[in-house]
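Heads up: the structure comes next, in structure tokens.
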Amino acid sequence: MEDFRRLLDSSANGWLIHDVKSKSILWANRTACEKFRYTVQELCALKAHHMSAQDPGFRRATGTAWLQAAVVYGRDRRLWKYADRDGTEFMTDATATLVKLRSPESRPGPDTADDLADQPAPDEVILVEFRVLDHTSSLPDSSRWMEYSLDRLMWHTSSGLLLMDNDNRVVDVSPFAAKLMGSSVPDMLDRTLDEIADIDSPLDDAALTAEMEKVDGSASIRMKVSSTFGEFRWLFGFLENVIVDGNCIRVLTVRDISTKVRWEERNAYQEQNLQYLSRKNAMGDMAMILAHDLGQPIAAATNYLDGVRRRLGRATEQAPGVVYGLEQATVQLDRVADIVSAVKKYVRRIESVTTVVDLNATVRESLYFVKLRAADKAVTVSEQLSEEMLTVVGDSVLIGQVIINICINAIDEAALPTSGAPRIEISTERTGDTASVTVRDFGRGMTPIPADMLAAGAFSSKDDGSGIGLVISEHIMQRHGGTIIFDPATPCGTAVRINIPLSDRTR
């Protein structure tokens, strides 16, 4: 050990050994003592500001960040300006390196009384080696300095450092950390962290506060920041306490995890999409079962009603309401039978029977069922149908179901207490070679969603809605060569427009 100390004392460079946590000096070689004009004992008792230049660029917080960078990255090199006993400042080319001491013999321990005999040797220390730069070598320009600079550049392209006080106010920040957070160093100083970024866990959270009140407290956080161009970036931060000169400074190491977060979001979307497809396939199976099994009971119910009407005979003349009720029940069962038949063909992917259909007539037929639902919800239905016949080629039952589905959604929205008015409006018109049906409500409206997301079940304002009804409607319209467009209405509500190509007869 004595030979090792003699070797260090003969070095032309100064050597300072700092404690990892407190950053205080544990030992210095002869060159360092001569340059600072202090003994080893005096250097160990000094605070950082006693031996650093008064230039703002070399303040204590910056020096702490430099030494902490060595702890985080293993090594950090920079120009550093020190001051000796008389206040004379001198510039150095200094390198701070984290050294893990593997055995007691390799640790900087005291061999004589003038060293730190009462202090136990630490497990790891920060070794600072500095070379004094005179007027002939004010700036290092060797290839070795370039190598170290490139190393530091590599380190700082992955992580940045922020120093904060106990109130989570930024004391100092590395340029790369400021770049990561979409800001500049001056703009970040003296601001709290939650003023700069959106943090997943509030810094005043009880659990996080309790952890950071510990001397060796640390915590992991996620932050969302935006740049001056409005782009968002996700950062991972590791917050830890560092004791310097008896004061606690919080050091936040940040790195960009935007790619990871986007991957997590894509993975979550894929899982959600798989669940949606599973529900859709299950609904297809259910539709097939229902279409197959409902045919017989519907036919039986129709026969029973017809038998009841025949058995009543002349008695029905005295009870016209009974006759009306039986006829309406028969109409409903016929409608159900048509729907089941159309669903069966749709699920089996068998082309529906397509004919030339009067769209206005289909709308009027659909309004019968729509107004029944509206009456139950105390919603008014107004209609304004085109005087021109609008003929399209398709399945009247399926087109009618699309109209009914969209109208029912509009009625449910219009019936809410927050609705602007408990009414819906239905209109038809011709635009070029296209026939259109527009259903408008005066409800809450919808958050803008890309059109290609509607067919993926992305929109449903109902608490128990799955968006499946819209998906089926979209697919039916696609089979008819048409589209469904969702637009916000003025001053409130939503306007849903169904577009279907006109037949050659109308054109």
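The values are calculated or read from the model by the stated rules, or taken from the named source; none is laboratory data. Keep in mind it's a predicted model, so treat the numbers as computed, not measured. Virtual Cβ from ideal backbone geometry, glycine too; neighbours counted across all protein chains shown.
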I'd like the full set of residues that are surrounded by 11 or more Cβ atoms within 10 Å (Cβ to Cβ) and within 11 Å of the chain's Cα centre (by Cα), limited to the range 261-270.
V261, R262, W263, E264, E265
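Matching residues to (1) crowded, with 18+ Cβ neighbours inside 10 Å; (2) farther than 30 Å from T431 by Cβ; (3) in contact with a strand residue (DSSP E or B) (Cβ under 9 Å, 6 or more places away or on another chain); (4) modelled with pLDDT of 70 or more:
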| site | (1), (2), (3), (4) |
| --- | --- |
| V331 | no, yes, no, yes |
| V343 | yes, yes, no, no |
| E351 | no, no, no, no |
| N360 | yes, no, yes, yes |
| Y368 | no, no, no, yes |
Answer yes or no: is there a residue in the range 21-33 that is closer than 12 Å to V128 by Cα and out of contact with any helix residue (DSSP H, G or I) (no Cβ under 9 Å at 6 or more places or on another chain).
no
Total residues in the range 395-423, condition closer than 24 Å to H475 by Cα and either touching a residue at least 40 places away in the same chain (Cβ under 8 Å) or not in a helix (DSSP H, G or I) (or both):
16
Please verify whether the range 185-208 includes one or more residues that are surrounded by fewer than 18 Cβ atoms within 10 Å (Cβ to Cβ), of a type outside the set (A, V, I, L, M, F, W, C), modelled with pLDDT under 80 and in a strand (DSSP E or B).
no
Qualifying residue in the range 184-200 (condition: more than 30 Å from R60 (Cα to Cα) and not assigned by TED's automatic domain parsing to the domain that holds R59):
yes
Considering residues of the range 83-114 that are modelled with pLDDT of 85 or more and part of a loop (DSSP other than H, G, I, E, B) only, the residue surrounded by the fewest Cβ atoms within 10 Å (Cβ to Cβ)
D86
Being out of contact with any strand residue (DSSP E or B) (no Cβ under 7 Å at 6 or more places or on another chain) and either in a helix (DSSP H, G or I) or hydroxyl-bearing (S, T, Y) (or both) is the filter here, so list the residues in the range 49-82 that pass it.
H49, H50, P56, G57, Y73
Taking the range 11-39 only, how many residues are touching a residue at least 12 places away in the same chain (Cβ under 8 Å), out of contact with any Lys or Arg (no Cβ under 7 Å at 6 or more places or on another chain) and not in a strand (DSSP E or B)?
13
Among the listed residues I249, I243, which satisfies the condition of being surrounded by 11 or more Cβ atoms within 10 Å (Cβ to Cβ), assigned by TED's automatic domain parsing to the domain that holds S201 and at pLDDT 75 or above?
I249
In the range 440-492, how many residues are modelled with pLDDT under 50 and aromatic (F, W, Y)?
1
